[in-house]
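For reference, the structure is listed below as structure tokens.
The values are calculated or read from the model by the stated rules, or taken from the named source; none is laboratory data. All values derive from a computational prediction rather than experimental measurement. Neighbour counts run over all protein chains shown; Cβ positions are idealised from the backbone, glycine included. What goes into the accessible areas is simple: the full protein's heavy atoms, side chains included, and nothing from ligands, DNA or RNA. Shrake-Rupley method; radii C 1.70, N 1.55, O 1.52, S 1.80 Å.
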Amino acid sequence: RRKVAARSSPRVGHAVASGSAPESDHGPRVAMERLRQRADFLAAAAGVRAPATGFVLQVRGRGDDGPPRFGFTASRKVGTAVERNRARRRLRDVVRRTDAADVATGHDYVLVARRAALSLPFDRLVAEFRSALRRVADKRRTGETGARAHRVRGAGKTDGTASARPPRGARRGE
């Protein structure tokens, strides 16, 4: 009979397979509450953003003192379903390993995966996340929103006329 060496943790093999780094004790970790509603993701998309090589960080202040909430998304540009799931899993692990002091209470954070999130070294993803959090905090202090400006139909016309189309939801003949 062969003796099998015991692993120090049942998830050690998983950490190696997913490309994540082993656990470390650097301080209190982020208690992760998740974003689930589409409206929350859309609201965060209109907030401050900080692009990085492996992801785009989008942040929105909720106006309360609740714990920070995190959402993770990966479009089909990232790859197959297996690759998208791996990218989201790596980003979740990045957030879990972040110090609680780095994230602000009362904010929603969305990490949009990029294809590079699959191949970047895990330590670099963590460093990029910390850098993105600092950039977002600086933008919030200076008042930059980063939100895209949406043009109202007919808003730029100099002749004073609006668009020939009726506004959405307007009934015809009234």
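Observations, loosely collected:
- Potential lengthening between Arg62 and Lys77 on full extension [0.36 nm per residue; Cα-Cα distance subtracted]: 2.5 nm
- Dipole in debye (nearest 20) - the range 54-130, about Cα centre, beta carbon charges: Lys, Arg +1; Asp, Glu -1: 520
- Ranking Glu83, Glu33 by solvent-accessible area of protein heavy atoms (1.4 Å probe, all protein chains present), from largest to smallest, gives Glu33, Glu83.
- Were the residues from Ala127 through Ala46 laid out at 0.36 nm apart, the gain over their Cα-Cα distance would be 26.7 nm.
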